[in-house]
Amino acid sequence: MRRYLSALFALGLLFAAALPVAAQRSTTYTYTPNPKGEGYFPTRTGDAYLPRFTITDLGMDEPQDLFIDADDLMYIADAANKRVLVYDIGIAEVAYELLHEEFVYPTGVWRNDEGILYVADPKAEKVFCFDGEGTLVREYGTPTEASFGCRNFAPRKISVDDAGNLFIIGEGLYDGVIQLSPTGAFLGYFTSNKIDLSFTERLQDLLFTDAQKANLLDRSPVTFSNLFVDQRNILYTTSIGDSQSALKKHNAAGAAIVTGYADEDAAPMDIWVTDTEIMIAVFANGATVIYSREGDYIAEFGYSYNNRDDRAGLFSRPSSVAMDSTGSLWYLDEEKAFLQSYEPTDYIRNIYSALDLFEAGDYQASIEIWKEVLKVNQISRIAHLSIGKNYLFMRDYETAMFHSRIANDRDFYSQSYWEIRNLWLQRNVIFMVLGIILLFIVGPIYRAIRRRAPALAAVERPFRRARQIKFVDDLMYQFHVMRKPNDGFYYIRKGRKGSLLAAALIVAGFFVVFMFFIAGKGFVYQEVLAEDIDFTSVIIGFFGGIFLFLFSNYLGTSINDGRGDMKDLFMMFAYSLAPLWIAMALVIGMSYVLTLNEVFALNLIMIIGWSWWAVQLVLGLREVHEYNTRSAIMSIVFSIAFMLVLLIVTVIITVMGQQVYQFFLAIAKELLRNVGL
């Protein structure tokens, strides 16, 4: 019996070994191209960082900020304990604690290369400077310059550049990042967040008086949460409440040159930038997001759906992040007052190494390392994007286009395609010039020969006969309307030209072109994939919009003595569409041969198409209803307004209808329940 049990146990071990280990689930995410739709979706990949040390015995209380210097000394702003704690990572012990009688609630620390330690204390309303021995050498109080005004000086976070200029985030200050000179002079606000007004707020600006705005509107820009000055004296900031620009990399003028995205419910708490400008941001939900120097998303880890879990590597509320000389990340948890470290894996080291090799110009070596990354995650966007960049600089444009398309990056795809097109143009420029010359001389030559060659007239005869067919002539009449809209619409109204059947076919053809316009342009210009388009809504919106416009115009002009009926309006509308569908067709075709640098050409074509169509619509309404130009324009404005009213009423009726349906459904279910009892 014992032998059977031993055999069964061994078999169980073998079976368990063959199964995937669910406990070793990755904590890291990367954004990869979504093959079934627009944008990117998070997918699990190899771990970027893994939890290492959790230190809970430092006696901290509400720690707010940390900084690690080149000697791996960690400076911690231990706010509630009114101290700066200095922790030696190398020996894993507290080196010393810095106390000062004026400390009230220190929340920001920074140490420069000269060994000067800066401590920001918002409640003391000062920035304190200490030398390497812990001796106070300087204090920065409220600026006295008139340009600073009467604002409260409550420095919460601080960074300092190589020249000794201080960059400060003030508590409750919305004006921007305070910049002080080494002597304490106020230099102004280096950068500030702008107020992004909603449509309602813009209407209020137009309609409300100054007194009403002061009483009703409370508009403040989103606040900065932290900042960092890197080795090249470039300033980085994080902002709470701005999901599209939660992280910003600023140029010397303060403008954002790189931005990082964050979830709307995730507040960025701190940012650390490496010597190679890798940006590492930690968020209030516990997530750490890593970006390249260009702002490309690299990895994410540490997020927990339940941040109350007492598990290594998870936080209740992280307040700061920093990196030591070995590449390990260190975090403060403000709420639970502990210190957590993460060590890098080979996966993230490979990514950093590949990025560094690219910056050094060793493109082939960078590609080889990226191939190792792809073994862990075959659809890694950052890997394919970077491989595409490397091949672009190696002038292997075909391969660069391939990887850029996988990465769904239109910018580098466009650059690679531009190079390929440029080479093709150089090889075929002679033939192109000859073709253009032939276009100019073939016409006159053909006309000269045609007079003496009856055979050419025989060739043209079938086309002339086809043009004499009534239906074909009705279809082709839209091009005559383009050239002479007044005469064209006049003959349509009189019934001498055009037909209802041809008008319907023109609208159907326009719909086909429109569908290709929104879903069939070249990759560089097709920002929305066909898989992401709700074609049912598009079809209903297309034909419903046309019907609503014509119906609204008919109702409005009936009140305003318009002469045209629905048939006249429909035919006029159909025959006015030629400039618009021609412009769309040109854009569709040209989108396959132009790059992003020539987008102005497509925009110009569409502007001309829309403008030409708008002019024809006004002239058509003027002719159909026998209006003057002003009345025709007002009829369009009235039609659009009436369409909006109809849509609003429809939405209200739909919502109320659903509520009434749910009400009676609940009553019916209750009656059935009672009858069943």
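A few notes on this one:
- For Ile667, the solvent-accessible surface with a 1.4 Å probe is about 70 Å², rounded to the nearest 10.
- Counting only protein heavy atoms and a 1.4 Å probe, segment 538-677 has 59 square angstrom of accessible area per residue.
- Separation of alpha-carbon centers, segment 117-134 and segment 478-513, rounded to whole Å: 78 Å
- Kirkwood Rh, Cα atoms: Rg over Rh of segment 519-677: 1.17
- Cα-Cα separations in segment 563-643 greater than 22 Å, expressed as whole percent: 37 percent
- Taking all protein chains as shown and a probe of 1.4 angstrom, Leu392 keeps an accessible surface of around 20 Å².
- Lys194-Glu598 FRET efficiency (beta carbon distance; Förster radius 41 Å; 0.05 resolution): 0.85
- Distance-filtered residues of segment 264-301 - backbone nitrogen under 19 Å, label point 7 angstrom along Asp396 Cα→Cβ: none
- With every protein chain in place and a 1.4 angstrom probe, the accessible-area ranking of Phe543, Phe489, largest first, reads Phe543, Phe489.
- Applying Stokes-Einstein at 10 °C and 1.306 mPa s to the Kirkwood radius of segment 261-409, computed over alpha-carbon pairs, gives a translational diffusion coefficient of 97 µm² s⁻¹.
- Additional length obtainable on full extension of the chain from Phe53 to Ser325, 0.36 nm per residue less Cα span: 96.3 nm
- Whole-Hz Karplus values for segment 152-165 come out as 6, 9, 10, x, 9, 10, 8, 9, 9, 8, 5, 7, x, 6 Hz, taken residue by residue from phi with 6.51 cos²θ - 1.76 cosθ + 1.60 and θ = phi - 60°; glycine and proline positions read x.
- Using a probe of 1.4 Å on the protein chains alone, the accessible area found for Trp424 is around 120 Å².
- Residue pairs, from the table Lys249/Lys389; Lys336/Lys389; Lys336/Lys371, whose Cα atoms sit over 32 Å apart: Lys336/Lys389; Lys336/Lys371
- Highest to lowest packing among 336-347, 355-366, scored as the average C-beta count within 10 Å: 336-347, 355-366
- Theoretical FRET efficiency, 1/(1+(r/R0)^6), r = Cβ-Cβ of Ile607 and Ser181, R0 51 Å, to 0.05: 0.55
- Rg(Cα)/(2.2 N^0.38 Å) for segment 453-599, N = residue count: 1.29
- For Asp88 and Arg421, the difference between the fully extended length at 0.36 nm per residue and the C-alpha to C-alpha distance is 114.1 nm.
- Each label was represented as a point 7 Å from its Cα along the Cα-to-Cβ direction; for Leu434 and Phe551 these points are 6.0 nm apart.
- Length gained on full extension, Val660 to Glu139, computed as 0.36 nm times the residue gap minus the Cα-Cα distance: 180.7 nm.
The values are calculated or read from the model by the stated rules, or taken from the named source; none is laboratory data. All values reported here derive from a predicted model rather than from experimental measurement. Glycine gets a Cβ as well: all are built from the backbone with ideal geometry, and neighbour counts include every protein chain shown. Ligands, DNA and RNA are excluded from the accessible area calculation, which covers all protein heavy atoms including side chains. Shrake-Rupley method; radii C 1.70, N 1.55, O 1.52, S 1.80 Å.
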